[in-house]
Amino acid sequence: MIRSKRAVCVVAAVGALVPMVPLWEGVTAEAPSVRPAVVAMAVGVPAEPVLVWKEDFENGLGTAASALKYSTVTYTGAGGETYTGSPPWLNPSICNGLIVSGGTVVSGNSVTVGGATCAFAGQLRQLAYALGDFNDTATVNDNHAVTAFTAGDPGSGWMAQMQQLKTLPLGQNRFVAISINGAAINCQATSPSYMFGYTSNLTAWTQLPGYVNMCTSSASSTVSVPAFGSVGARSDVKVGRYFALSTFLMPGSQVGVRVGNKNGSGIGNDA
């Protein structure tokens, strides 16, 4: 059972390696097509980082559960973006790849999307609620999140929980950082462990070194969530904004991103 509710972000800068954490702070979302004019900088002086893409998985969603990509159901972002992933991470039957909010309408503790039923809807709704709290969503119950409760082993390796189906225009020779907002429960079992990667052509993907353990990361804080149906309230949900452990230089003018999970277990691993 796994993973995270999220806003996925890509930030770029010209001229020098950019410190990781400050990239997000103080930056607001802007349309992916908006690019500031390039200003000449002194040698060795980096340009300010620019948010080049953000996905919050809120476009066109209401109280019905949806999915990242399953059967005839496909989430489409505000700019027409669509996404894919490795089959186990897109399978609602094992409670992966579902997009829910605290306000999602369910039947008992089950939710069905594309003909496939997940029997842990309350836990998924708690994850979305926790992320809404972390994101300072005006109405916390309205925050949507791509969720995974991994009610079955998804398998390990460099598989994608989410990856883009089109690249982003970037400009030549940009240093790039990737971050994701996430929430995790059942850390007493096993932890979701994010891996990140990138591509210039959607064919060959480069995996960035290392991974982020959501349950032990210094970026995590702990929040409480209410009961949802028969699923009791809890006070041990980990939330945070998690950056890839390194930036990377993208020499081309296009970039695509992938988010994976190093943990291949169906025990714990819920985010």
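Assorted remarks:
- Exactly one residue out of G210, G240, G232 is more than 19 Å from the chain's Cα centre (by Cα) and open to solvent by less than 70 Å² (accessible area, probe 1.4 Å): that is G232.
- Among the residues of the range 230-271, those identified as in a loop (DSSP other than H, G, I, E, B) and among the small types (G, A, S) are S230, G232, A233, A244, S246, G252, S253, G264, S265, G266, G268, A271.
- Selection over the range 71-99 of residues that are outside any loop (DSSP other than H, G, I, E, B), under 25 Å from K262 (Cβ atoms) and in contact with a strand residue (DSSP E or B) (Cβ under 6 Å, 6 or more places away or on another chain) gives a count of 10.
- For the range 213-229, the candidate set comprises residues that are in a strand (DSSP E or B) and β-branched (V, I, T); within that set, the residue that is least open to solvent (accessible area, probe 1.4 Å) is V225.
- Applying the condition of being open to solvent by 40 Å² or more (accessible area, probe 1.4 Å) and outside any loop (DSSP other than H, G, I, E, B) to the range 161-197 and asking which residue is farthest from S253 (Cα to Cα) yields F175.
- Only one of the numbered conditions (1) in contact with a helix residue (DSSP H, G or I) (Cβ under 7 Å, 6 or more places away or on another chain); (2) open to solvent by less than 50 Å² (accessible area, probe 1.4 Å) is violated by V255, and that is (1).
- For N269: the one exception among (1) polar (S, T, N, Q); (2) out of contact with any strand residue (DSSP E or B) (no Cβ under 9 Å at 6 or more places or on another chain); (3) surrounded by 17 or more Cβ atoms within 10 Å (Cβ to Cβ): (2)
- V146 open to solvent by less than 40 Å² (accessible area, probe 1.4 Å) and over 15 Å from the mean Cα position of the chain (by Cα): no
- Count - residues of the range 59-70 that are touching a strand residue (DSSP E or B) at 6+ places or on another chain (Cβ under 8 Å), open to solvent by less than 60 Å² (accessible area, probe 1.4 Å) and either among the basic types (K, R) or assigned to a loop (DSSP other than H, G, I, E, B) (or both): 3
- Flag for E58 being of a type in the set (D, E) and either modelled with pLDDT under 95 or under 21 Å from A151 (Cα atoms) (or both): no
- Residues that are at positive phi and either among the small types (G, A, S) or open to solvent by 10 Å² or more (accessible area, probe 1.4 Å) (or both), drawn from the range 92-109: G97, G108
- Evaluation of P209 against (1) without any contact (Cβ under 8 Å) to a residue 40 or more places away in the chain; (2) closer than 26 Å to G103 by Cβ (one fails), failing number: (2)
The values are calculated or read from the model by the stated rules, or taken from the named source; none is laboratory data. Just so it is clear, the model here is predicted, and its values are computed rather than measured. Here Cβ is always computed from backbone atoms with ideal geometry, including for glycine, and neighbour counts include all displayed protein chains. All accessible areas refer to the heavy atoms of the entire protein, side chains included, with ligands and DNA or RNA removed. Shrake-Rupley method; radii C 1.70, N 1.55, O 1.52, S 1.80 Å.
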